[in-house]
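Visitor: Let me begin by handing over the structure; questions about it come next.
The values are calculated or read from the model by the stated rules, or taken from the named source; none is laboratory data. The shown structure was predicted, so the numbers you read here are calculated from the model rather than taken from an experiment. Every residue, glycine as well, gets a Cβ built from its backbone with ideal geometry; the counts of neighbours run over all protein chains shown. Remember, those area values only see protein heavy atoms, side chains included, never the ligands or the DNA or RNA. Shrake-Rupley method; radii C 1.70, N 1.55, O 1.52, S 1.80 Å.
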Amino acid sequence: MRMIDIIEKKRDGLRLTKAEVQYAINGYVKGEIPDYQMSALLMAIYFQGMETEEVTYLTEAMLYSGDVMDLSHIPGVKVDKHSTGGVGDKTTLILGPLAASLGVKVAKLSGRGLGHTGGTLDKLESIDGCRIDLTEKEFVDQVNRINIAVAGQTGEIVPADKMLYALRDVTGSVPSIPLIASSIMSKKLAAGADVICLDIKIGDGAFMKTIDDARRLSEVMVSIGNGFNKKVTAFLTGMEQPLGRAIGNRLEVKEAIETLSGNGPEDLTTLCVEIAAMMLKHAGIVKTLSDGKRMARENLHNGKALGKFTEFIQAQGGQIADLATFVQANEQIPFLAKKSGIVQKIKAYNIGLVSMKLGGGRETKEDIIDPMVGIVLNRKIGDRVACGETLATIYANRPVSADIIASLEEAFVITEDTPRIQPIIFEVIGA
Ligand code: URA
């Protein structure tokens, strides 16, 4: 077999065989196929796409390029969740303990944030003492003991993805449905759970800009998972504005705790309750989604979900002594409305970038995060604001630059129109 023939075949829109996909991926991981040939293949895939069968071959080749987690020592149905990345997305911190408090075994590997999106590991690490570097044994033991563990990748999971993603990043081939689907699903399959709930974000702050693209991506990911005998459900959810009100690591942990105490923002609470209900159904704990939703809402109000969060954080070595003093930024600066009207849009991308520029996120992988900084939205879409009232509060430890203010000014769109308030979940695929 020759890589040049595989590239030409895909360039001409033909379907690759399993052997060809394996040849390309295995050869690339071993260093036998150079970057320039793999770049050409990635670009051919970007333009020509792939049939679902080919994407499954690609996912399988990537999956077996490294270690695969063995969760067989955890009895019962193991559940995982993945978000394609959003702004203010602290769902895992709420959904994980919530589902675990109802008997679901939550075994989740998470990632770090980059650019305008945050990552669960950074939020966990913002808690004093909280470890995310669990060994596979610690991870398995903790799920068996308290139903939940969330950690960074152990061992070498899907090295092919690390190599391919780095290449896609510099060759303009990131936004390709087959490449995104195989990248995410290979990592989720390697993490070993039986049930995978996907949160596919759509909108300004997300990879997927339209519902049609999100639907196509979801359908491919659900088919891939089903091909590996996994139950996969994709939730297509809105990212037209940040999720909840808090953006920034400790601010988001605080909002997660408030939500686990039954006092969270409506969009965030609804999303967590709906996904928790699906997890309960897939795990065989409830027969109907409405039973699952009722039980999830109960646990947000009776202290059980919050109790599970505390147990989970303590199990990973973390401690929050006092929530009132948990976020300690030098300055809290109100960002004021320059006109009166109704908030039509809060561009999530801008808000994510502002949080990053304040030090709450990473521009490059090497940047060190300041856990205390970020933004709290005082207004969300549909809220009325008068000129001079606070739209958002900036938590800063460094001077707030003019471009941060300009980004915020552009983020809030205010007119006198009545905005169309979208539900947080647009569609569910693979239920
Ligand atoms: N997230 C991933 O893990 N991979 C992609 O390709 C895109 C988003």
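Visitor: Around Ile414, which amide H atoms from residues at least 5 apart in sequence, or from another chain, sit under 5 Å from its own amide H, with H modelled in the peptide plane?
Guide: Residues meeting the criterion, in which the H sits 1.01 Å from N, are Gln344.
Visitor: Can you classify the stretch 286-392 as rounded, prolate or oblate using the Cα gyration tensor, where a ≥ b ≥ c are the square roots of its eigenvalues, rounded means a/c under 1.5, and otherwise it's prolate if a/b beats b/c and oblate if not?
Guide: oblate
Visitor: Comparing Asp367, Asp161, Asp199, which has the greatest mean-square fluctuation in the GNM of the chain with Cα pairs linked when under 10 Å apart?
Guide: Evaluated over the chain, the most mobile residue of the options is Asp367.
Visitor: I need the phi-derived Karplus couplings for the stretch 139-154: 6.51 cos²θ - 1.76 cosθ + 1.60, θ = phi - 60°, integer Hz, Gly and Pro marked x.
Guide: 4, 5, 4, 5, 4, 5, 7, 10, 6, 8, 8, 10, 9, x, 4, 9
Visitor: Using a Gaussian network model on the chain with a 10 Å cutoff between Cα atoms, which of Glu125, Glu311, Glu266 fluctuates the most?
Guide: Glu266
Visitor: With every protein chain in place, what's the accessible area of Ser182 (1.4 Å probe, Å², nearest 10)?
Guide: Roll a 1.4 Å probe over it and Ser182 shows about 0 Å².
Visitor: Can you give the accessible area per residue of the chain, in Å², using a 1.4 Å probe?
Guide: Ligands and nucleic acids excluded, the result is 41 Å² per residue.
Visitor: With all protein chains present, how much of the accessible area of the chain (probe radius 1.4 Å) comes from carbon and sulfur, to the nearest whole percent?
Guide: 50 percent
Visitor: Continuing with this model, one more query. May I ask you to list the lysines whose Cα is less than 17 Å away from that of Lys18, ignoring any residue fewer than eight positions away on the same chain?
Guide: Qualifying lysines at Cα under 17 Å: Lys9, Lys10.
Visitor: Please report the antiparallel percentage of the DSSP beta bridges confined to the chain, to the nearest 5.
Guide: Around 50 percent of the beta bridges assigned by DSSP in the chain are antiparallel ones.
Visitor: Separation between the His73 and Gln422 pseudo-spin-labels, each 7 Å from Cα along Cα→Cβ, expressed in nm?
Guide: Result: 4.4 nm between the two label points.
Visitor: Hey, another quick one. Using a 1.4 angstrom probe on the protein heavy atoms only, could you order Val140, Val29, Val170 from most to least accessible area?
Guide: Val170, Val29, Val140
Visitor: Do any GluC sites (Glu not before Pro) in the stretch 1-105 lie in a loop, going by DSSP, with at most 13 other beta-carbon atoms within 10 Å of their beta carbon, and if so which?
Guide: Glu32, Glu51
Visitor: Please determine, in degrees from 0 to 90 and to the nearest 10, the orientation of helix 35-48 with respect to the longest principal axis defined by the Cα atoms of the chain, where the helix direction is its Cα long axis.
Guide: 80 degrees
Visitor: Pick from Ala160, Ala256, Ala234: which residue has the top mean-square fluctuation in a GNM of the chain where Cα pairs under 10 Å get a spring?
Guide: Looking only at Ala160, Ala256, Ala234, the largest GNM fluctuation is found for Ala160.
Visitor: Let me ask something else. Compute the Cα gyration tensor for the stretch 3-63, then decide on rounded, prolate or oblate, letting a ≥ b ≥ c be the square roots of its eigenvalues: rounded whenever a/c is under 1.5, prolate when a/b is larger than b/c in the other cases, and oblate in all that remain.
Guide: Taking the square roots of the gyration eigenvalues as a ≥ b ≥ c, the stretch 3-63 is oblate.
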